[in-house]
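Just below is one structure, and these are the notes that go with it.
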Amino acid sequence: MPSTRTHAPRGALVFDMRQLGRQAGSALTQTRTVPAPDDLRLELIEVPAGADIALEVRFEAVSEGVLATGTATVPLAGECARCLAPFTSSVTVGFQELYLYAEGRHDRHEKHDKYDEQEEQDAGEIYHLDGDLLDLEPAFRDAVVLALPMSPLCREDCPGLCAECGVPLADAGPGHRHDAAVDPRWAALQQLSEQGNDKHQDRRAGAIDLQEG
């Protein structure tokens, strides 16, 4: 069974539907700049609380409630999943939810051409108006959280960090490399080999000097 929720008004994302009325087919579009709610985040990225969000919503009166269709441009701040550098960006999200009239909670069998009741059941949430007030925050939150990247990148071609020294490869440049480390078990043998090469070169140099003399 899908759950039903009636949310108390929270402020910036609450809209008064008295201007829209209840005549099916009437519509109203509102544009707002609203502060971001708290706690919109994943592990490496978040929407800064209080940041400005550009929001545009179209409300349509239907037989059982109000259909809200909106878009929002949301600022983001996070940490790159490859190089761990902090970065900022933005994302534009879209959402659509049906808000039922309070008196229609027990009579929801009628359908209309812009809303499918099966979609409501699949979503697992049923939203209601609080009198003439429509609280958009739950639908907005769901849309934003789903749009947040699980592995955010500072740029699409971020090369990440050097596996040897941890330096960001974007800063280190294309020539950054490390010589292969010598296995400590062979270090003594390598030292003896180098000493032998030095003695061989010294003898060869001495032989050349005798020939020239």
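The values are calculated or read from the model by the stated rules, or taken from the named source; none is laboratory data. Keep in mind it's a predicted model, so treat the numbers as computed, not measured. Backbone-built Cβ (ideal geometry, glycine too); neighbour counts: all protein chains shown. When the accessible area is computed, the model is the full protein with side chains, heavy atoms only, and any ligands, DNA or RNA have been set aside. Shrake-Rupley method; radii C 1.70, N 1.55, O 1.52, S 1.80 Å.
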Does at least one position in the stretch 101-113 carry a residue that is at pLDDT 95 or above and among the hydrophobic types (A, V, I, L, M, F, W, C)? no
What's the number of the only condition in (1) of a type in the set (A, V, I, L, M, F, W, C); (2) modelled with pLDDT under 90; (3) surrounded by 11 or more Cβ atoms within 10 Å (Cβ to Cβ); (4) part of a helix (DSSP H, G or I) that V182 fails to meet? (4)
Name, by its number, the condition in (1) open to solvent by 50 Å² or more (accessible area, probe 1.4 Å); (2) touching a Phe, Trp or Tyr at 6+ places or on another chain (Cβ under 7 Å) that does not hold for E56. (2)
Residue pairs within 7 Å by beta carbon, gap of at least six or interchain, first lying in the stretch 151-172 and modelled with pLDDT of 80 or more, second of a type in the set (F, W, Y), listed first then second, are C154/F87
Only unsatisfied item for E137, checking (1) open to solvent by 50 Å² or more (accessible area, probe 1.4 Å); (2) at pLDDT 90 or above; (3) among the charged types (D, E, K, R), is (1)
Subset of the stretch 70-90 [in a strand (DSSP E or B) and surrounded by fewer than 17 Cβ atoms within 10 Å (Cβ to Cβ)]: T71, T73, P75, A77, E79, P86, F87, T88, S89, S90
Give the stretch 145-166 a look and list any residue that's of a type in the set (G, A, S), open to solvent by less than 60 Å² (accessible area, probe 1.4 Å) and farther than 21 Å from V93 by Cβ, or say none. G160, G166
